[in-house]
Structures are given as structure tokens and as C-alpha cells.
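None of the figures in this text is laboratory data; all of them are computed from the coordinates on show. These numbers were taken from a predicted model, which means no experiment stands behind them. Using ideal geometry, Cβ is built from the backbone for each residue, glycine included, and neighbour counts are taken over all protein chains shown.
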Amino acid sequence: MLRIRKDDTVAVIAGKDKGKKGRVLEVFMQDERLLIERINLVKKAKRRTQQDQKGGIIEIESPIHVSNVMLVCKQCNKPVRFKASILKDGKKIRECKKCGSAI
């Protein structure tokens, strides 16, 4: 069971963006990295193309390591640890360790 999945809300706990929250756009499982919306922005020079007539320096998101983020509980609205629980029908869910609600 994956710790953090696409479209989860996470909080950054280490690095230059410490304290910011964002939504996970993509998960790179082999590298253990996440692409988070508006987090870990880097500047990149973009060439002018036929489709995009405007070139120049743009800001894009760069992947951040999984160990530098924590899952945010929807009910607590805080970064929390969670546990995996198995329901009676055999389905696995993630539960907040503070309030006990399903994430």
C-alpha cells in the first residue's frame, strides 16, 4: 500500500519550502519522489517553438523526496502520521492517528 498517492494533500516538513502545503500531481515510485503543485519551483530556460511563440525563463515544479513531506488529514487540517487499517470487507484504508478519521 502506497504511503502517499496522487491528489493527496501534503505538507513539506524539510527543505526550502518547509511549512507549505500542496496537492500531489505525480508519484515517481522508483525514485521515491513526488511532484507537488507550486512546491520546489526551479527556473528553466524554454526555447520558442512553433506551438508556443513565447520563450524565456519559466518556473516549473521539481520532484521532492517522500521523506520530506507528511500527509495532511482532511479533518484535522494538519500534517499527521497515519496507520493502515483493514475493513471487514477486506479493503485497506489509511486512518489519521490523531483523530481516527479515514484519509
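What is the mean projected area of the alpha carbon convex hull for the chain, to one decimal in square nanometres?
Mean projected area of the Cα convex hull: 8.7 nm².
I'd like the FRET efficiency for residue 46 and residue 91, computed as 1/(1 + (r/R0)^6) with the beta carbon distance as r and R0 of 30 Å, rounded to 0.05.
For residue 46 and residue 91, the calculated efficiency is 0.10.
Lysines within cross-link reach of residue 91: Cα-Cα under 27 Å, excluding same-chain residues under 8 positions apart?
By straight Cα distance, residue 91 reaches 6, 74, 78, 83.
Under 14 Å from the Cβ of residue 27, count the other residues' Cβ atoms, weight Lys and Arg +1, Asp and Glu -1, and hand me the total.
Its environment carries a net charge of -2.
Rank-order 47-60, 13-26 by packing density, defined as the average count of other C-beta atoms within 10 Å over each peptide's residues, highest first.
13-26, 47-60
Work through the residues other than residue 10 whose Cβ is under 9 Å from its Cβ and net out their charges, Lys, Arg +1 and Asp, Glu -1.
+1
Starting from 0.36 nm per residue, how many nanometres of slack lie between residue 54 and residue 16 once their C-alpha separation is accounted for?
Length gained between residue 54 and residue 16: 10.8 nm.
Over the chain, what relative contact order in percent results from Cα pairs under 8 Å that are six or more residues apart?
20
Please give me the summed charge of the neighbours of residue 66: other residues whose Cβ is under 12 Å from its Cβ, Lys and Arg +1, Asp and Glu -1.
Net local charge, residue 66 excluded: 0.
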